[in-house]
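Scroll down for the structure; my scribbles are underneath it.
The values are calculated or read from the model by the stated rules, or taken from the named source; none is laboratory data. Since the model is a prediction, treat every value here as computed from it, not as a measurement. Positions of Cβ are generated from backbone atoms using ideal geometry, with glycine treated the same way; all protein chains shown enter the neighbour counts.
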Amino acid sequence: MEEPLLDLSDEELEEITFSLKKVRQDLIVYLLQNYGSLKTKDIAKVLGLSTRAVRRNLKQLEKTGEIKSTKIGRSYIWEAAEKQSSQLMYF
């Protein structure tokens, strides 16, 4: 049996997963605040993620009131709940 590349506890893995999710959501809000309304597929393309993964994050952000959606035909257009410019603080 091979040794794992990283010897992380379940707690450490959970913390990393949560952090990555938060970064993705912050990026989505940043895009919407600074570039206006976007479709799910456009956000997915910019972030290099599947539309399914982006949709999950969008739905969570909508539940917290950070973003809102408008259904146009079969597509959803997403926008930031508040129009304010923000900067990401990740290094």
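Quick notes on this structure:
- Residues that are closer than 14 Å to ALA80 by Cβ, surrounded by fewer than 17 Cβ atoms within 10 Å (Cβ to Cβ) and not β-branched (Val, Ile, Thr) within segment 27-65 comprise TYR30, ASN34, TYR35, GLY36, SER37, GLU62, GLY65, listed in sequence order.
- Scanning segment 40-56 for residues that are among the hydrophobic types (A, V, I, L, M, F, W, C) and in contact (Cβ under 8 Å) with a residue 60 or more places away in the chain turns up nothing.
- Some residue of segment 79-91 being in contact with a Lys or Arg (Cβ under 7 Å, 6 or more places away or on another chain), surrounded by 12 or more Cβ atoms within 10 Å (Cβ to Cβ) and at pLDDT below 95: yes
- Close pairs from segment 1-24: first farther than 23 Å from ASN57 by Cα and surrounded by 10 or more Cβ atoms within 10 Å (Cβ to Cβ), partner of a type in the set (A, V, I, L, M, F, W, C) and at pLDDT below 80, Cβ under 6 Å, at least 6 apart: none
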